[in-house]
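Below is one structure, written out as structure tokens; the observations come after it.
The values are calculated or read from the model by the stated rules, or taken from the named source; none is laboratory data. Predicted, not measured: the structure shown is a model, and the values here were computed from it. In this analysis, Cβ positions are derived from the backbone assuming ideal geometry, glycine residues included, and neighbour counts consider all displayed protein chains. Note: accessible area is taken over every heavy atom of the protein model, side chains too, but ligands, DNA and RNA are not part of it. Shrake-Rupley method; radii C 1.70, N 1.55, O 1.52, S 1.80 Å.
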Amino acid sequence: QVQLVESGGGLVQAGGSLRLSCAASKSRFSIYAMGWYRQAPGKQRELVATITTGGSTNYADSVKGRFTITRDNAKSTMYLQMNSLKPEDTAVYYCNARDCAADYWGQGTQVTVAS
């Protein structure tokens, strides 16, 4: 089982930037497909971006061109660079790791974008 710890959330003004990090406990980080999800108050959790073991990426339409997902397998860490943030990006952001057996989730980090 892998443990995931997110960091980097906070309060930012609209138009600003934040970088989220997700540190994984497993040394075999490279075997996991990874992703970022978010959940705003009163809404369902939604996909933000994913990155495969080979580095292929996929983004929600709402964040394309503004967010970038990357991974550093040597550091067992995934990142989400968020630029041009909007108030509608306000949510708790969760890190996800997936292998053939299960999904694993972090505890979440709050991102608040003030207008």
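Quick rundown of the values:
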{"quantity": "More than 22 angstrom apart: percent of Cα pairs within the chain", "calculated": "26"}
{"quantity": "Residue of GLN44, GLN81, GLN13 that the Gaussian network model of the chain assigns the largest fluctuation, springs spanning Cα pairs under 10 Å", "calculated": "GLN44"}
{"quantity": "For VAL48, residues with placed amide H under 5 Å, excluding near neighbours", "calculated": "TRP36, TYR37, ARG38"}
{"quantity": "Accessible-area value, ASP72, 1.4 Å probe, nucleic acids and ligands omitted, Å²", "calculated": "50"}
{"quantity": "Beta bridges by DSSP in the chain, antiparallel share as percent, to the nearest 5", "calculated": "90"}
{"quantity": "Accessible area per residue, Å², the chain with all protein chains present, probe 1.4 Å", "calculated": "52"}
{"quantity": "Lysine pair count for the stretch 1-106 [Cα-Cα under 24 Å; pairs on different chains or 8 or more apart]", "calculated": "4"}
{"quantity": "Of THR53, THR77, THR90, the one that fluctuates the most in a GNM where the chain has Cα springs shorter than 10 Å", "calculated": "THR53"}
{"quantity": "Per-pair calculated FRET efficiency, R0 = 25 Å: ASP99 and THR68 via Cβ, rounded to 0.05", "calculated": "0.60"}
{"quantity": "Computed over the chain: relative contact order in percent, which uses C-alpha pairs under 8 Å that are six or more apart", "calculated": "37"}
{"quantity": "Inter-site label distance for GLU88 and GLU46 at 7 Å from Cα along Cβ, in nm", "calculated": "0.7"}
{"quantity": "Summed residue charge, Cβ within 15 Å of VAL12's Cβ, Lys/Arg positive, Asp/Glu negative", "calculated": "+2"}
{"quantity": "Most mobile of ALA102, ALA91, ALA23 in a GNM of the chain (Cα contacts under 10 Å)", "calculated": "ALA102"}
{"quantity": "Solvent-accessible area, 1.4 Å probe, carbon plus sulfur percent, for the chain", "calculated": "47"}
